[in-house]
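Taking it in order: structure first as structure tokens, then the write-up.
No lab work stands behind these numbers, since they all come straight from the coordinates. Since this is a predicted model, take the numbers as computed values, not measurements. When we count neighbours, we look across all protein chains shown, and the Cβ atoms used for this are built from the backbone with ideal geometry, even at glycine.
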Amino acid sequence: MKTRTNAERKGIAGIGLIALDILLQNDSGVSSVAAGGTCGNVMAILSLLGWNASPVGRLMPDTCADTISTDLKAWGVNTSFLNLAPHAVAPAIVERLRLDSAGIPFHSFTFSCPWCGERLPSYQPVTIPSIRAATEALLDNDVLFVDRASPGAVELALQFHAHGKIIVFEPSSSRVDHLFHKLLSISNVVKYSHERFPELEELVWPKERKLEVQTLGRGGLRFRTARQGRVSAWQHLSAPVSKTVVDTCGAGDWATAGLIELLCKEGLGSLMGMSKEGVLNALGFAQRLGSWNCGYAGARGSMYTMSRTLLLRTIAQLAGSGVLNLPVVEGTVPSPNKHAANCGICSTQNDLGKVSGHR
């Protein structure tokens with residue numbers, strides 16, 4: 001396995017959903033509590049792969065935010081930009097993982113407290129003044145990942161675009177407005193669900209874009225790419241067969257991290273000039289990585305079940321011989337929080353007090 005030195009570590013900033021993920025497995029209570037959300041997961045996975053990852057948020061310093069921050073730090077994520085003012089309560093998402101009548105696992109999400117029923121805190125975007133104050137430091141990164149179109153996200157993306165850096169946009173909200181279209185127009189890689197955004201394929205292809213990926217669930221994905229000003233026709237890749245499916249949650253986040261690792265680590269020039277074979281290699285790795293994580297419970301469940309050395313060795317095997325330049329790691333794998341009493345969500349369930357705006 002190739003190893004990546006500190007000097008070779010690339011930097012990525014991420015702005016979007018950073019949340020507290022609460023996993024309830026088979027209705028038996030809390031199985032784990034960890035940092036999550038699309039942006040949070042992608043940043044944690046890329047940090048594991050050797051990137052300097054810096055998520056940007058406005059989390060209010062409280063029990064929930066501390067849990068998120070502690071988990072991300074354990075994976076080497078830079079949390080310096082997690083608590084930008086004005087603060088807002090950290091979003092929380094509950095995943096219920098159950099078996100149907102045939103014994104097949106399935107998951108669902110709820111945004112209400114599983115104990116008292118009150119609505120859990122939701123995502124609040126980082127404001128433009130906060131972004132402007134942090135922009136100079138954030139521009140030390142090579143790539144920007146965005147999963148929510150907000151004024152602050154667009155402000156930051158415009159600065160990355162002006163400085164010739166890579167922008168990866170993975171919209172997760174179905175709202176399509178002028179901010180959404182602005183991000184589309186300056187993003188180099190766009191990945192989205194066909195079910196949520198079937199109309200995006202009809203839009204004009206901007207010159208900045210290299211790759212558009214449309215996920216099709218069990219149908220795999222289709223993609224089109226540009227090189228030297230020419231846009232290819234849509235091409236389809238079938239989904240890899242998973243030997244064991246425990247939980248499909250987080251598969252898309254792993255796929256996104258795999259794409260960024262193989263597409264973006266050499267900079268914008270390399271990305272825009274990449275051959276079709278290079279793009280296909282990245283997409284194949286992304287699919288295998290997402291499919292592999294389906295064998296574990298939770299969006300990043302695989303990261304808590306084996307040593308870091310074995311984890312990286314397994315990921316390298318998924319990529320193929322000599323493809324990845326992974327970091328040298330030492331130490332044990334951090335354990336996700338196993339107790340509801342430490343999640344800080346509901347005072348009816350624990351003794352850690354209240355979260356602002358929640359009973």
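Worth a mention:
- Those trypsin sites (Lys or Arg not before Pro) in region 202-236 that DSSP places in a loop and that have at most 13 other beta carbons within 10 Å: 207
- Gyration tensor over alpha-carbon atoms, region 17-64, equivalent ellipsoid semi-axes in Å: 23, 15, 8
- Peptides 45-53, 268-276 ranked from most to least packed, by the mean per-residue count of other Cβ atoms within 10 Å: 45-53, 268-276.
- Once the Cα-Cα distance is subtracted from the 0.36 nm per residue extended length, the residue 137 to residue 245 segment shows a gain of 34.8 nm.
- With the convex hull of its Cα atoms as the shape, region 144-230 has an orientation-averaged projected area of 5.6 nm².
- Label-to-label distance for residue 208 and residue 8 is 3.0 nm, based on points extended 7 Å past Cα in the beta-carbon direction.
- log₁₀ of I(q)/I(0) at q = 0.17, 0.26, 0.32, 0.33 Å⁻¹ - region 130-175, Debye sum with one point per alpha carbon: -0.45, -0.96, -1.28, -1.32
- Loop-located chymotrypsin sites (Phe, Trp or Tyr not before Pro) in region 205-272 whose Cβ has at most 13 other Cβ within 10 Å (DSSP): 234
- Cα extents of region 140-292 along the three principal axes, largest first (Å): 45, 32, 32
- For region 202-257, relative contact order (Cα pairs under 8 Å, six or more residues apart, normalised by length) works out to 23 percent.
- The alpha carbon convex hull volume per residue for region 181-243 rounds to 91 Å³.
- By the Kirkwood approach, averaging reciprocal distances over each pair of separate Cα atoms, region 40-107 gets a hydrodynamic radius of 13.5 Å.
- Over 19 Å [Cα-Cα, region 213-306], rounded percent: 43 percent
- D (Stokes-Einstein, µm²/s), Kirkwood Cα radius, the chain, 1.567 mPa s at 4 °C: 63 µm²/s
- Under the simplified labelling scheme, the residue 328-residue 66 pair shows an inter-label distance of 3.5 nm, with each label point 7 Å from Cα along Cα→Cβ.
- Label-point separation, residue 158 to residue 305 (7 Å along Cα→Cβ), nm: 4.5 nm
- Too-long pairs where the Cα-Cα distance tops 20 Å, listed order kept, from 73/265; 10/182; 243/265; 73/243; 191/276: 73/265; 10/182; 243/265; 73/243
- Spin-label zone in region 164-184 - amide nitrogen under 17 Å from a point set 7 Å from the Cα of residue 122 along the C-beta vector: 172-177
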